[in-house]
Amino acid sequence: MSTPNEIAMGSSGKSLPAGAFVAASWQPSGLELQCVDGTATLVADWLRDNCPCASCRIVQTDERRWQPWSATGPAESHSATIVDGELVIEWSDGHASTYSRAAFDGFNRAMHRNSYTARLWRNGDDLGWFDHDAVLADMSQRQAMFETFQRDGVVIISGSPTEPGAVIGFAKAINVALVDSQLGFIFDVKLDPTGYNIAYTAEGLPPHNDNAQRTHPPSGQVLAMLVNDADGGESFVVDGFSVLEQLRAIDPAAVEVLARVSVGFRQYSKTADGFTRAPLVALDAAGRFTHLRFSNQLRQPLPFDHPDLEEWYRAYRLLGSIVTDPANFVSFRLKAGDMLFVNGYRVMHARHEYQPNGPRHLQDVYFDVDDFSANLALLTGQATNAMVH
Ligand SMILES: [Fe+2]
Ligand SMILES: [Zn+2]
């Protein structure tokens, strides 16, 4: 079984047909709506629920006022006509709905919002590198950066200021909110004999995502390199979706046990103690991977009498051997002013051991990748005219 090169993420449904409304008639399965570019069958409840009128919608805020449970049963209508290019439906309870072509275009945008194609990558593939000043000044560069991050789960931005905390200003400038935590807001990763995490040593860091100890880890992370004058310490990243597709191709049962068994993770400092229990792998209803939680260093003992223990260890060894296979590494050296952005639900980051023969200092901050999607939707027009106007 071969692994895919890309995966369609988000809504997998069709779009409503384009073009002016031509004819509409009720059939046993719903409203058959004919447009210039095709025909669709629309369920009565769906049409009623999405009535754009000023009593069903709060026009000022473009929110829904209509509550489907306020009707006694399923929506019912025997009347549908096209009047002046608009679809008019009279419902059995006396309400009337008028849908413009623009309203249907809005439904299409809402139904497909945040859909994208994930590109699965591995060693030999190029990642997206962007220039700090260009991303700030040039909206087409900024959009390309957001699109690349969505597609790959990773981008690198070069030429950033190297003063401590500069990443905070950059995040603000691109409309991305940083998230705080009990462990801290900004993490100064440098050699620190009192550090509570392997990152504060000079040891190599195996591929992992941060905050496995949180039930809902922040989905985005920035690693902003301020100075890197130590020998060694090359960075590399691993595409978790690619890894999981490889695992599923050779052993689908391994994926199932990893998605079934909850594993404890703990990370703590002098003042914080984070712990959660969650499966390593999460999938959506369509069987697409949505989250790989991987931090061998933070992993806690499983219950000794767990019925899936042997099967789980077999699967975990297999997963770990794919995660740490150099065929899946994309490597680079982060130099001063390089900021590595990763989607932590998908992409694992790592570094090789370094020689503490010169200063090395990077700062980690966290965000929610939804902010990236939102900015992209604003830039592409996906977020305009949501439903009514
Ligand atoms: Fe990390
Ligand atoms: Zn209405």
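Our estimate of slack between Glu90 and Lys270, defined as 0.36 nm per intervening residue step minus the Cα-Cα distance, is 58.2 nm.
Here the simple spin-label model places points 7 Å from the Cα toward Cβ, and for Ala23 and Ala286 these points are separated by 3.3 nm. Solvent-accessible surface of region 143-226, taken per residue with a 1.4 Å probe and all protein chains present: 41 Å².
Amide H contacts under 5 Å for Leu283: Thr290, restricted to partners 5 or more places along the chain or on a different chain, H placed in the peptide plane at 1.01 Å from N. For the chain, the number of Lys pairs with C-alpha atoms closer than 25 Å, counting only pairs eight or more positions apart or on separate chains, is 4. Just to be sure I understand: with springs between alpha-carbon atoms less than 10 Å apart, which residue in Leu378, Leu42, Leu16 has the highest mean-square fluctuation in the Gaussian network model of the chain? It is Leu42.
With just the Cα atoms defining each centre, how far is region 62-132 from region 43-60? Give it in Å. Here the answer is 11 Å between Cα centres. Heavy atoms of the protein chains alone define the surface here; on that basis region 324-389 has 39 Å² accessible area per residue at 1.4 Å probe size. Computed from the C-beta positions of Ala137 and Thr72 and an R0 of 45 Å, the FRET efficiency is 0.20 to the nearest 0.05. For Ser181, what charge total do you get from the other residues with a beta carbon under 14 Å from its beta carbon, if Lys and Arg give +1 and Asp and Glu give -1? Its environment carries a net charge of -4.
Over region 21-112, accessible surface divided per residue gives 55 Å², non-protein components excluded, 1.4 Å probe. Distance from the Cα centroid of region 207-233 to that of region 335-389 is 11 Å (rounded to whole angstrom). Amide H contacts for Gly128 (H built 1.01 Å from N in the peptide plane; partners 5 or more residues away or on another chain; cut-off under 5 Å): Ile156.
Residues whose amide H comes within less than 5 Å of that of Phe329, counting only those at least five positions distant or on another chain, are Asn123 (H built at 1.01 Å from N in the peptide plane). Working note: Debye formula, equal point scatterers on the alpha-carbon atoms of region 235-389, no solvent; log10 I(q)/I(0) at q = 0.13, 0.15 Å⁻¹ is -0.80, -1.00. Using every pair of separate Cα atoms, the Kirkwood estimate puts the hydrodynamic radius of region 209-316 at 15.7 angstrom. Neighbours of Cys56 by Cβ distance under 15 Å: Lys/Arg scored +1, Asp/Glu scored -1, total -2.
In plain terms, the chain from Leu309 to Ser331 could stretch by 4.5 nm, reckoned as 0.36 nm per residue minus the Cα-Cα distance. Counting only protein heavy atoms and a probe of 1.4 Å, the accessible surface of the chain is 51% carbon and sulfur.
Projecting the alpha carbon convex hull of the chain along each direction and taking the average yields 24.0 nm².
The heavy atoms of Tyr313 offer some 90 square angstrom of accessible surface to a 1.4 angstrom probe. Note on Thr39: accessible area approximately 80 square angstrom, rounded to 10, probe 1.4 Å, nucleic acids and ligands left out.
The values are calculated or read from the model by the stated rules, or taken from the named source; none is laboratory data. None of these values were measured; they are calculated from a predicted model. Here the Cβ is made from the backbone with ideal geometry for all residues, glycine too, and neighbour counts use every protein chain on show. Heavy atoms of the whole protein, side chains included, go into the accessibility calculation; ligands, DNA and RNA do not. Shrake-Rupley method; radii C 1.70, N 1.55, O 1.52, S 1.80 Å.
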